[in-house]
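Step one of this worksheet: look at the structure below.
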Amino acid sequence: MSLINKDNRHHTERFCFFDGEPGIQRYDIVRHAQVERMNGVMLSQFWRPEEVDVTKDKGDFAGLNEAEKHIFLSNLKRQIVLDSVQGREPLNVFLPLASTPEMECAVTEWSFQELIHSRSYTHIIRGVLNDPSEVFDHIMEIEEIADLATDISKYYDDLNRFNVMSQAIDLGIAASGDYSEYEHKKAFWRAMFAVNALEGVRFYVSFACSWAFMEIKKKMEGNAKIIKLICRDENNHLKLTQTILTRLLKEDPDFVRIEVECREEMTQLFMDVVEQEKGWAEYLFKDGSMLGLNYSVCCDYIDWIASKRMGAIGLTYSANVPTKNPLSWTDHWIAGDIKQTALQEAENDSYLLGVVNGSAEEARENLNDEFGVLF
Ligand SMILES: [Fe+2]
Ligand SMILES: [Fe+2]
């Protein structure tokens, strides 16, 4: 491998992943216009946690009962772990495989935003507790969180193993005997589904619990505002992972085979996430519930959001699903005043559905008409 691709293939002829190094970083004409538009949105949404005043949260927190304190802090601890993984892994495992400048930019921006999220938790906890170490030092002692970290990391670790093997072969320091690019792509596919479930299900369950304090009790406003900014970013990441999955199917015949071979496994991956999230809800509400948010409602929300996310990437949820969002007030926190993203999402959804429903040509033509770029 080389840090810059010197072959003569135009960058618009490359697949988004597994198609050589991206070459010159240019954005004048791109292959994946939708990804480049997401880059514009992500770059324009830069924010710093310190811009949000959390000083009032300390008094609010002191007034919570013990069960509510447990819910609030446990939820934050879990998000700290989720974003610690996400803050470094896209750069580590997806970036070396990106083959176009716009995808390279998207993965880099994605990881950077996760880093901002990690920094924001320190800001939130400093605003709530005199000694933030009380939270940070003991996170991994909570079995439910340690198990979660293991489950999320295993797909990244597996992909990383293939990445290292492939790079060692490219550098001439390993023989190619045990390496299979097809298996490498399968590891990528699994990791991208796992991260889609993380970005689209696990994070949103945490968000709902965080916003509940402000929505129901009118407390912890600084925290709720920060989580709203984090969610704005996660919306982008969710759409990015959905776009990558559908784009790979369009571009690379290997992924068409992999999709069929792994469909059952990927469905199970999501159902395992659902079970784990429900297990987490049990832990969260073990000392008591909050008005309007309890174990049962949280489980309904998990069913509802998992079914929505699975449908967007062509999977079917195999359990009962509520007909509407059981925490309907989360909608305004998720969309809120971020109309720019909401519009972008609406457009992306239609493209994605076009691909999933088999009318990829139509979706592609729409994009080509709009942007005049190659797909
Ligand atoms: Fe994040
Ligand atoms: Fe994310």
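Taking the C-alpha atoms only, the angle from helix 295-312 to the longest principal axis of the chain is near 20 degrees. Computed extension length for residue 47-residue 265: 74.7 nm, one decimal, from 0.36 nm per residue of separation with the Cα-Cα distance subtracted. Longest stretch of the chain clear of exposed loop sites (trypsin sites (Lys or Arg not before Pro), DSSP loop, at most 14 other Cβ atoms within 10 Å, sites excluded): 27-217. For the pair residue 122 and residue 331, the difference between a 0.36 nm per residue extended length and the Cα-Cα distance amounts to 72.6 nm. Would you calculate the separation in nanometres between label points at residue 216 and residue 26, each defined as 7 Å from the Cα along the Cα-to-beta-carbon direction? My value for the distance between the label points is 5.6 nm.
If I take all pairs of Cα atoms in the chain, what percentage of them are more than 36 Å from each other? Tail of the P(r) past 36 Å holds 23 percent of the pairs. Sorting 307, 133, 296 from the fewest to the most surrounding beta carbons within 10 angstrom yields 133, 296, 307. Since only 163, 82, 258 are under comparison, the one whose Cα sits farthest along the positive direction of the charge dipole of the range 11-371, derived from C-beta charges on Lys, Arg, Asp and Glu, is 82. By the beta-carbon count within 10 Å of each Cβ, the least crowded to most crowded order of 165, 140, fewest first, is 140, 165.
For the chain, a simple Cβ point-charge model (Lys and Arg +1, Asp and Glu -1, everything else neutral) yields a dipole of about 660 debye relative to the Cα centre. So, in Å, what gap is there between the alpha-carbon centers of the range 235-273 and the range 275-321? Using only Cα atoms, the two centres lie 22 Å from each other. For the pair residue 286/residue 141, report the inter-label distance in nm, with labels modelled 7 Å from Cα in the Cβ direction. Calculated label separation equals 1.3 nm.
Sort 24, 302 by Cβ crowding within 10 Å, fewest neighbours at the top.
Numbers: 24 8, 302 24.
Going from least to most buried by this count: 24, 302.
With K and R counted +1 and D and E -1, the other residues having a Cβ less than 15 Å from that of residue 304 yield a net charge of +1.
Read the figures in this text as sums done on the coordinates, not as results from a lab. Everything numeric in this text was worked out from a predicted model, so none of it was measured. With ideal geometry, Cβ positions are generated from the backbone for all residues, glycine too; neighbour counts draw on all protein chains shown.
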